Amino acid sequence: MTPSVLELFTVKPPESFFESSRRVEDSKIVVVGFPYDSTSSFRVGSRYAPSAIRRYTCGLEGYCWELDLEVSEIPIADAGDLVVVHGDTAKTLKRLGDVVEELKSMEKVVATVGGEHTLTLSAFKSCKADGLVVFDAHMDFRDEYPCGQRLSHATWLKRLCESFDPSKVVVVGVRAVCKDELREAKRLGLTFISMKEYRERGLKAFRDAISSMKGSIYVSVDVDVLDPAYAPGVSNPEPLGFTLAELLEHVWALRGLKIAGFDVVEVCPPYDNGCACACASKILLDLACLAWLS
């Protein structure tokens, strides 16, 4: 019998997200770990995040007050970690895309836990969502970074928008950019909400931005969107970010939209005191609840 793509390219760890023992076949939401950080340009170590976040979800109370849902009520499964090829980003992303496509063919909602942010390029395309919502301190819209490297954690959104309508992308929490990528994002019509705009307009800025979204969406959360006071252990920390409560208010505002897939990325356990992993676990919980309700 020929093994499936999932069997070929994933490996099951001893622990599972939210202590789930469900089989993939019996679930609706499937979590895949992405232990890859080969393009990380500052702090290296997000490859350890899937395992670390797994442990924290096992100690997290599973009830979501805001959505009145217990994670045990959700048919969620842990497919394990992707078998990555360190140093070969293109091959690793191809494997992830194949795994996500197989899960989508089984009508699953796929949640990916990184690892670095490049994963979204592949997971989003394979989910075939109609829109993309990104929470990130950075725009990740450089053409090359570092010099000569067109596929990295700092360029993935630029690559994505070369084959997807930028007007269907909303980036929230931006506060760390270079002038070139800011100029290019504006030229292409990318919708973004800076922290400056959030301080001036509050949650209304986000509600206005998503009000025209139609069909299904994919949600990507780079944990560095949080202020380092709340999530110190990330790959590229940037001051003046969201509190966890402010971020989750934005996540809850997505209720009513169909979520095709989501990810949580860029936690860097070697630099963490546990706060970033705890925050990532809560974000993952609420996104899973939201996806189930959608």
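Any read-out appearing in this document is the output of simple, stated calculations on the displayed coordinates, not a laboratory observation. Quick caveat, the model's predicted, so the values are computed rather than measured. A quick note on method: Cβ atoms are made from the backbone with ideal geometry, for glycine too, and the neighbour counts reach across all protein chains shown.
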The chain: antiparallel bridges as % of DSSP beta bridges, rounded to 5, reads 10 percent
Among GluC sites (Glu not before Pro) in the stretch 26-85, those in a DSSP loop whose Cβ has at most 13 other Cβ atoms within 10 Å are GLU61, GLU66
Expected vector for the stretch 187-204, Karplus 3J(HN,Hα) from phi with 6.51, -1.76, 1.60 and θ = phi - 60°, integer Hz, x for Gly and Pro, equals 4, 8, x, 5, 8, 9, 10, 6, 5, 4, 5, 4, 4, 7, 10, x, 5, 4
Using alpha carbon centers only, the stretch 256-294 is separated from the stretch 63-125 by a whole-angstrom value of 11 Å
Amide H contacts under 5 Å for SER220, restricted to residues at least 5 apart in sequence or on another chain and with H modeled in the peptide plane, are VAL133, VAL134, PHE135, ASP263
Counting Lys and Arg as +1 and Asp and Glu as -1 over every other residue whose Cβ sits under 12 Å from the Cβ of GLU197, the net charge comes to +3
At the level of C-alpha centres, the distance separating the stretch 10-29 and the stretch 148-192, in angstrom, is 33 Å
Lys and Arg at +1, Asp and Glu at -1: neighbours of ARG47 with Cβ under 10 Å from its Cβ sum to -3
For the stretch 5-13, in residue order, the Karplus 3J(HN,Hα) values (coefficients 6.51, -1.76, 1.60; θ = phi - 60°; whole Hz; Gly and Pro = x) are 4, 4, 5, 6, 10, 10, 10, 7, x
Given all pairs of distinct Cα atoms, the chain yields a Kirkwood Rh in Å of 18.6 Å
Taking 246-252, 47-53 and ranking on average Cβ neighbours within 10 Å, highest first, one gets 47-53, 246-252
In nm, the gap between the two label points placed 7 Å beyond Cα toward Cβ at MET106 and ALA205 is 4.1 nm
Those chymotrypsin sites (Phe, Trp or Tyr not before Pro) from the stretch 49-132 that are DSSP loop and have at most 11 other Cβ neighbours within 10 Å turn out to be TRP65
Measuring from its Cα centre, the chain shows a charge dipole (+1 at each Lys and Arg Cβ, -1 at each Asp and Glu Cβ) which, in debye to the nearest 20, is 680 debye
Quick calc: nm separation of the 7 Å Cα→Cβ label points for CYS58 and GLU25 -> 2.6 nm
In nm, the gap between the two label points placed 7 Å beyond Cα toward Cβ at VAL85 and LEU182 is 3.9 nm
Filtering trypsin sites (Lys or Arg not before Pro) in the stretch 212-294 by DSSP loop and by at most 13 other Cβ atoms within 10 Å leaves LYS214, ARG255
Subtracting the Cα-Cα distance of ALA245 and GLU73 from 0.36 nm times their residue separation yields 59.6 nm
Residue-ordered couplings for the stretch 58-75, obtained by feeding phi - 60° into the Karplus form 6.51 cos²θ - 1.76 cosθ + 1.60 and rounding to whole Hz (Gly and Pro as x), are 6, x, 8, 4, x, 9, 9, 4, 5, 10, 6, 9, 9, 4, 5, 7, 9, x
